[in-house]
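Asks: What follows is a single structure, and I will ask about it in a moment.
The values are calculated or read from the model by the stated rules, or taken from the named source; none is laboratory data. Being a predicted model, the structure only gives us computed values, none of them experimental. Here the Cβ positions follow ideal geometry from the backbone for every residue, glycine too, while neighbour counts run over all protein chains shown.
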Amino acid sequence: MKRLTPPIHALVLSTSLLLAATASSAAAATPAGTAITNQAQAELVSPRTNLPETVRSNVVTTTVQAVCAVSVTPNGTLERPGQALSILPGEGGVFRYTLTNAGNDTFTVPVSAQVEAGSAGRPAVQVVRDLNGNGRVDAGEPEVSGVSLAPDASAALLLVVGPVAVVGETFVNLTARCGEQVDSDNVSVVRVGPPPVLSVDKTFAPERVRPNEEATVTVRTVNTGQGASREVTLTDLLDEQLAQGLSYVPGSARASTGTLEFTQDGRTWSAQETQPVRGVRVRAGSLAAGQELTLTFRMRAGESAENRQFRNVATAATFGQNATDDALLDVRYTPGVAIGPVGNPEAPEATEADRQARTFAAVGQVVCFDHTARNTGDVRDDFTVTVTYPQGTAGAALLGVDGQPLAQPLTLDPGQTALVRVCYDLTRAGPLEAKVTINGARGTSNATTDVIGTVEPELPRLVKSVRVTTTQADGQIMDVPEGRTVQPGDLLTYTLTVTNPYARPLSNVVISDPLPAHVDFQDASDGGKVSGGVDAQTVTWALGTLAPGETRNLTVSAKVSDRAQDNESLNNTFGMVSTEFPAPLTSNEVRTPVWKAKLIIVKEVSAPEVTYGDLVTYTLRITNSSETTAIVDAEVVDTPPPGLVYVPGTSTLDGAAISDPATRDGQLIWPLKELGAGQTVTFTYAQRVTPQASGQLVNLVMVTGNGAGGVAKAIASNRAEAVTKLNPMKFAPLADILGIVFVDRNRDGRFDEALDTPLRGARVLLAGGREALTDTRGRYSFTNVPQGTHALRLDPVSAPYVPLYRAQDGGLSGTQTVYVRGLTSVDFPLAPLGGDIVALRRTTLRVGDVKVEKAVYAAPGGYTVQLTISSATARANVSLLDPLPTGATLKEGRNTYSGSLPAGELRLTYTFEWNGTPEGATTDPELSWR
């Protein structure tokens, strides 16, 4: 039977799945062990009821199995690597990977790293777990070969590539395995480019400096390789240089690029420039191939750096590479010196250009050569000049530009010059070659040569003399004695004599005579020409050639002008030059002192008429008429006529007694130490008329002296005369007295030249007022003494000895009476005292106020006794007896006295012969009076 099914108006089918195990609905995969149920369901509208109906099928159950799946990213192949890293040879690198568990259960996934075939290099590789995910290998992060991950969990891994030395591409891969699944398409590439090559070039500019100068340091590094570099550091350490005198110039560092840094200790670096700078460097991030990095700075050399060489090393560093270069800085001065002919100090040494020569000179001549010394170095230096003589003999004087002795050492700055004049005082004939050497304190030296071809034994002879003539008031012309002063109007005639002493001629001879100021030219011989104005006149002669041995005499005359002053000296020399003697030769100097004022002398005589034996007194009044200048060291010179003899002891000056004059050639000379300006002095002295006098007695006096200061010498006065007339009708017979005053050593009363001592300066008085002083031989004399009896007395003040006595003397101390006729001799023997004779014994006897002193002396052949009787008052009837020793014989004198004893002293002297002992030669005197 056929079943009829009602039509279905609508039908909806659905299936329901039911997971029996619990799981996260967000999981990418269903976890293993999950049960999955499945039931189908249909929904329809029943035709019968027209209502919806649900029809369900049976339930089907399925259990999920564990599935292992792994994922490593990023992916990459050899053709298209997922990651790329560019490095330089010797560098390594790190690639970052993510490992993911794509399975439905927890698995430990093995991982490994490997270098793919076909790679240029074979570096070491490893896998490191990147625990902090920073993409770097940090401390504590482990190397792994497997990673345990829950389903859908991930881990950060690092593929570490060791240093790659080979240029080219090296492929590395990170592989993960999970069961049969292998994830190996994770290729990365390490591209090793060509290495950078750094070169360093260091220089000092300039390479040599002086102390206190600067040098620029330039350090340049260039990447000469084909690839860019990592960070480059260009360093220049300066510590050693600073220790030896160099210093960094603050603010001088510059760099072409990068960052400048400085160090104070060589370890820590800062962009801040803090002194002292002990190092400079510049850092640049990278240098491309062919790119350069330049560092410059300046260094200053201190004084302590002198004579040092500084080698300095600079270093350029980048990863795995250092490059260095050094440079040398020389710190020193370059001293130098040169000396040569004037104006040519740098003439090559020992060449003709460095040689000065004179063909001719003479002993006694000073020949000078001028030289120029130059500091050819670059530093101030002290120089010393010396002169040596390989041949010839001379003295050498070094002079400077001022003509003064050269101050040594000679200090010169660089380039500075100095004149060095070497003057040779020639002392020996023959050629002269001298070497002039200059030495610097810094060790430099240079020399030049001076040559004189011939040195003659003498100079040309230049002699000058002067003749002075004056015109007297009466018009008479007379010569002024040599050395005396002149006055305005006097004529000076100079004679110039020049002689050529050589066997060769002297050529182009010129004589010049610069006249003294305050004279006026009058005339010149031989064509002499005068030039110049008042007080500056010069007479010149162009003599031409002076033949061998020839002598020329020239004259020039000039008058003393009114411009001349008291005490001035007119000094004059003349000079000669010639081709052979370009330096002037000078004659002797003649000096003519000037005295315009007069010494005025007035002379008077005491009697207009005299006769033989008369005493004549002269009075001199001397006046210095100068208003400004004193006369010093003057002499008053009196020239008495024949027949006048000076009377000793009669000289006075302004009324006071003075010493007797000295005698010279019959003249009487008194010294006058000073005669002030305008001062007048008066001399008096006496002379006696002798039989040699006759006619008019003309007495002439003259005064000479020096001007104060000693310039004007021998100032002459006008002469003064005094005239007296001799009247021979008053003639009376005359005689002469002479004698000797002496110490009578042997007490015999007679002068014995072998034993006795003449007494100089003893004063002998002649009754009537005349006196005489003994000379050095004890002699005195009185001339023209009238015949008859005269008394002579020895002035006891002038004789420090006691006179000996004779019986005929009458007991008068030092007085002798004599009848004079013709030539009469009267001697004065004196008793020796004190150290002149040694007393054997001295005895003193006192009776009241009367004292007797006795002294006994040994004498030739016997003894001498001296008795001195002293009394304060006169006494009469005095008796003195001095007994002789027994057996003695009285030889001379007296040993007794009878008579009156005047107040004062009475001396008795006698001698006796005796053969006894000296001890018995003395007896005691006996004295009595009433």
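Asks: Suppose the filter is assigned to a strand (DSSP E or B) and over 30 Å from Ser561 (Cα atoms); does Thr449 pass it?
Replies: yes
Asks: Okay, next question. Tell me yes or no: at least one residue of region 413-433 is in contact with a Ser or Thr (Cβ under 6 Å, 6 or more places away or on another chain) and within 23 Å of Thr454 (Cα to Cα).
Replies: yes
Asks: Residues Val560, Val534, Val530: which one is of a type in the set (Val, Ile, Thr) and surrounded by 19 or more Cβ atoms within 10 Å (Cβ to Cβ)?
Replies: Within the list Val560, Val534, Val530, the selection yields Val560.
Asks: Taking the condition of being basic (Lys, Arg) and farther than 23 Å from Val164 by Cβ, how many residues in region 40-90 meet it?
Replies: First pass over region 40-90, keeping only residues basic (Lys, Arg): 48, 56, 80.
Narrowing the set further to residues that are farther than 23 Å from Val164 by Cβ leaves 48, 56.
Number satisfying all stated conditions: 2.
Asks: Looking at Ala564, Ala583, Ala657, can you tell me which residue is among the aliphatic types (A, V, I, L, M) and either assigned by TED's automatic domain parsing to the domain that holds Arg688 or free of Cβ contacts under 8 Å to residues at least 40 places away in the same chain (or both)?
Replies: Unique residue meeting the criteria: Ala657.
Asks: Now a separate question. Among the strands (runs of 3 or more DSSP E) contained in region 34-118, which hold 1 or more residues that are closer than 27 Å to Asn132 by Cα and in contact with a Pro (Cβ under 6 Å, 6 or more places away or on another chain)?
Replies: Working: elements: 35-45, 52-63, 70-73, 83-87, 91-101, 107-115.
Per the criteria, 91-101.
Asks: Quick one: which of Thr259, Thr296 is at pLDDT 95 or above, over 16 Å from Leu242 (Cα atoms), among the β-branched types (Val, Ile, Thr) and under 48 Å from the mean Cα position of the chain (by Cα)?
Replies: Just one listed residue meets the conditions, Thr296.
Asks: For region 656-712: of the residues being exposed (fewer than 13 other Cβ atoms within 10 Å of the Cβ) and under 51 Å from the mean Cα position of the chain (by Cα), which is nearest to Thr485 (Cα to Cα)?
Replies: The qualifying residue nearest to Thr485 (Cα to Cα) is Gly710.
Asks: Has region 202-214 got at least one residue that is more than 30 Å from Asp105 (Cβ to Cβ), hydroxyl-bearing (Ser, Thr, Tyr) and in the same structural domain as Ala317 (by TED's automatic domain parsing)?
Replies: Scanning region 202-214, I find at least one residue that is more than 30 Å from Asp105 (Cβ to Cβ), hydroxyl-bearing (Ser, Thr, Tyr) and in the same structural domain as Ala317 (by TED's automatic domain parsing), so the answer is yes.
Asks: I need every pair where a residue in region 86-102 that is without any contact (Cβ under 8 Å) to a residue 24 or more places away in the chain has its Cβ under 7 Å from the Cβ of a residue that is in a loop (DSSP other than H, G, I, E, B), sequence separation at least 6 or different chains.
Replies: Every condition considered, no pair remains.
Asks: So, one more: Could you grab me the full set of residues in region 853-878 that are farther than 15 Å from Asp744 by Cβ and either loosely packed, with under 14 Cβ neighbours inside 10 Å or outside the structural domain of Glu905 (by TED's automatic domain parsing) (or both)?
Replies: Those that are farther than 15 Å from Asp744 by Cβ and either loosely packed, with under 14 Cβ neighbours inside 10 Å or outside the structural domain of Glu905 (by TED's automatic domain parsing) (or both): Ala872, Thr873, Ala874, Ala876, Asn877.
Asks: Next up: Just for region 765-811: of the residues that are among the aliphatic types (A, V, I, L, M), more than 16 Å from Asp736 (Cβ to Cβ) and part of a strand (DSSP E or B), which one is modelled with the lowest pLDDT?
Replies: Val802
Asks: Given the residues Pro89, Pro74, which is the only one that is at pLDDT 95 or above, of a type outside the set (Lys, Arg) and either surrounded by 17 or more Cβ atoms within 10 Å (Cβ to Cβ) or over 60 Å from the mean Cα position of the chain (by Cα) (or both)?
Replies: Pro74
Asks: A further question on this structure: Could you grab me the full set of residues in region 426-446 that are farther than 23 Å from Phe574 by Cβ and in a strand (DSSP E or B)?
Replies: Those that are farther than 23 Å from Phe574 by Cβ and in a strand (DSSP E or B): Leu432, Glu433, Ala434, Lys435, Val436, Thr437, Ile438, Asn439, Gly440, Ser445, Asn446.
Asks: Okay, moving on. Please find, within region 401-430, the residue that is nearest to Thr388 (Cα to Cα) out of those that are more than 20 Å from the chain's Cα centre (by Cα) and of a type in the set (D, E, K, R).
Replies: Only one residue fits best here, namely Asp425.
Asks: Would you mind finding the one in Phe310, Phe319, Phe262, Phe297 that is more than 30 Å from Val385 (Cβ to Cβ), surrounded by fewer than 16 Cβ atoms within 10 Å (Cβ to Cβ) and among the aromatic types (Phe, Trp, Tyr)?
Replies: Phe319
Asks: Just to be sure I understand the filter: pairs with C-beta atoms under 7 Å, separated by 6 or more residues or on different chains, first member in region 742-763 and hydroxyl-bearing (Ser, Thr, Tyr), second member at pLDDT 80 or above. Which pairs pass?
Replies: Close Cβ pairs satisfying both conditions: Thr757/Phe742; Thr757/Val743.
Asks: OK, next. Would you confirm, using the coordinates I've provided, whether Val723 is outside any loop (DSSP other than H, G, I, E, B), at pLDDT 75 or above, among the β-branched types (Val, Ile, Thr) and in the same structural domain as Ser626 (by TED's automatic domain parsing)?
Replies: no
Asks: Go over the candidates Asp513, Asp523 one by one and state the one that is modelled with pLDDT of 95 or more, over 22 Å from Pro582 (Cβ atoms), among the acidic types (Asp, Glu) and part of a strand (DSSP E or B). Working first, answer last.
Replies: Values: Asp513 fails: over 22 Å from Pro582 (Cβ atoms).
Result: Asp523 is the single residue among Asp513, Asp523 that is modelled with pLDDT of 95 or more, over 22 Å from Pro582 (Cβ atoms), among the acidic types (Asp, Glu) and part of a strand (DSSP E or B).
Asks: Separate question: Could you say whether any residue in region 847-855 is assigned to a strand (DSSP E or B), farther than 24 Å from Thr757 by Cβ, in contact with a strand residue (DSSP E or B) (Cβ under 6 Å, 6 or more places away or on another chain) and modelled with pLDDT under 80?
Replies: Yes, there is a match, as at least one residue in region 847-855 is assigned to a strand (DSSP E or B), farther than 24 Å from Thr757 by Cβ, in contact with a strand residue (DSSP E or B) (Cβ under 6 Å, 6 or more places away or on another chain) and modelled with pLDDT under 80.
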